[in-house]
Amino acid sequence: MSHLVLPLQEIGEIFQGITLSRYADDNGRPERVVSLSDLEYLYIERNPSVVQLRLSNLERYRIKTGDVVISNRGTLLKASVVTDKLEGSLASNNVVVIRPRPIVEQIDPVYLAVLMRSKWLEQQLATLYLQSSTIQLIPISQLRSLKIPLPNLETQNKLAKLFLATERANRITLEILDTRNNLSQFTLFQTLEGQQ
């Protein structure tokens, strides 16, 4: 089965987030900032940190609903979709934003986030990583030229739903394990305290 394959730059506008240290100012305006630590799940769920910034034009760093925020430095292969709740937040400099644009084939942002988290992409990127002694980095220019397979929208939606269901199952499993651990700790505590 053949798919449309496009460079990432044709799928969406791509831009690096704002360098916070350059514009941080205690007298600046408080802004919500999405960073690498917020990319835990396929949808950004955490409330982002608030940073006071002074810059006349922050609009170019603002994220919109449906944008895909990905890591390109540090912990690679993390990607999440922006929800309505985070519209207007800023992207930090440790992430890159992909804003899907209308193209011949539509794109499901969750599919794009899934692809950006995938083992398949990890294999594609293996030769692109620039490694220093402290941090891994994928240059934004390399991301722009990355070839992205685009199956039809129905297939994208099915893949997105599959990975969302898998993520939900993983979270439930982790919650069950955490509950069992807490019960075990409570039993240990009760047993030891009951012996005194």
Check: In terms of solvent-accessible area of protein heavy atoms at a 1.4 angstrom probe, what is the ranking of 29, 62, 46, highest value first?
Finding: 29, 46, 62
Checklist line | Net length gained if the chain between residue 52 and residue 180 were fully extended (0.36 nm per residue, minus Cα distance) | finding: 42.0 nm
Margin query: How much length would be gained if the chain were fully extended between residue 168 and residue 106, taking 0.36 nm per residue of separation minus their Cα-Cα distance, in nm to one decimal?
Written below: 19.8 nm
Checklist line | Cα Rg, Dmax, the chain, angstrom units | finding: 20.1, 73
Note to self: Return the Rg/Rh ratio of segment 131-190 with Cα-based radii and a Kirkwood Rh.
What the structure shows: 1.29
Checklist line | Listed peptides 170-182, 108-120 by packing density, highest first (mean Cβ within 10 Å) | finding: 108-120, 170-182
Check: Can you tell me the accessible area per residue over segment 14-93, all protein chains present, probe 1.4 angstrom, in square angstrom?
Finding: 47
Item checked: Spin-label proximity, residue 123 to segment 19-51 - amide N less than 19 Å from point 7 Å beyond Cα toward beta carbon -> none
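The values are calculated or read from the model by the stated rules, or taken from the named source; none is laboratory data. Everything numeric here is computed off the predicted structure, so don't read it as measured data. We place every Cβ from the backbone using ideal geometry, glycine too, and count neighbours over all the protein chains shown. SASA here: full protein model, heavy atoms, side chains in, ligands and nucleic acids out. Shrake-Rupley method; radii C 1.70, N 1.55, O 1.52, S 1.80 Å.
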